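One structure below.
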Ligand SMILES: [Zn+2]
């Protein structure tokens, strides 16, 4: 018997790391199995490789990718309940909650997009039309050195999650310049990835 320093709070049997907590722990793997989502196998992969496996898989729809993110969040929340409250939910209960939250989020997002004051296209365009995608861009400064960085998130016109990215910027401590450079980063990415019709929203 070896004493584990960092024992998983969900199963109490194995050492915890990201892959174990979110994927291969018996609790997490039971949730994934019940979800019947088309995820790649966990075997021989670390968490980054596993995420890249389904993110890059064109056969997995953006809607399914969003659901996978929702399950990751809910598995992590359950793991925290095990730490702080001493119990885990039934996987079936997590599953029902996760599906309900995803559907509610999609409806809420579509209403949010409809109500945006800077929305260019009204009403919400057909996702299959030339109206294209919606990209939200933001820039920020972090830490005492005011390190500039950008982030953006891309949605289909119907609110389906498409992609997100972030990274460092090279500029002075100037919020307007940083916003402009963040937009350049987002536009370059969109162009490189074949998006020609874009509604760009600065936060
Ligand atoms: Zn575990």
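Quick look at the numbers
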{"read-out": "DSSP bridge orientation in the chain - percent antiparallel, rounded to nearest 5", "value": "80"}
{"read-out": "Whole-number D in µm²/s for segment 126-194 (Stokes-Einstein; Kirkwood sum over Cα pairs; 37 °C, 0.692 mPa s)", "value": "256"}
{"read-out": "Intensity falloff of the chain expressed as log10 I(q)/I(0), Debye formula with alpha-carbon point scatterers, at q = 0.09, 0.10, 0.14, 0.15 Å⁻¹", "value": "-0.46, -0.57, -1.00, -1.08"}
{"read-out": "By average C-beta atoms within 10 angstrom, highest first, the peptides 70-78, 161-169, 145-153", "value": "70-78, 145-153, 161-169"}
{"read-out": "Distance from segment 73-89 to segment 8-45 (C-alpha centre basis), Å", "value": "14"}
{"read-out": "Hull volume in cubic angstrom per residue (convex hull over the Cα atoms of segment 1-102)", "value": "101"}
{"read-out": "Distance between modelled label sites at residue 17 and residue 147, nm, 7 Å Cα→Cβ extension", "value": "2.4"}
{"read-out": "Packing-based exposure ordering (other Cβ within 10 Å, fewest first) of 30, 112", "value": "112, 30"}
{"read-out": "Value at 222 nm in deg cm²/dmol, rounded to 500, when DSSP H runs of n ≥ 4 in the chain each add -39,500 (n - 2.57)", "value": "-14000 deg cm²/dmol"}
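Values quoted throughout were computed directly from the atomic coordinates according to the rules given, and no laboratory measurement underlies them. Predicted, not measured: the structure shown is a model, and the values here were computed from it. Cβ coordinates were reconstructed from backbone atoms using ideal geometry, including for glycine residues, and neighbour counts include every protein chain displayed.
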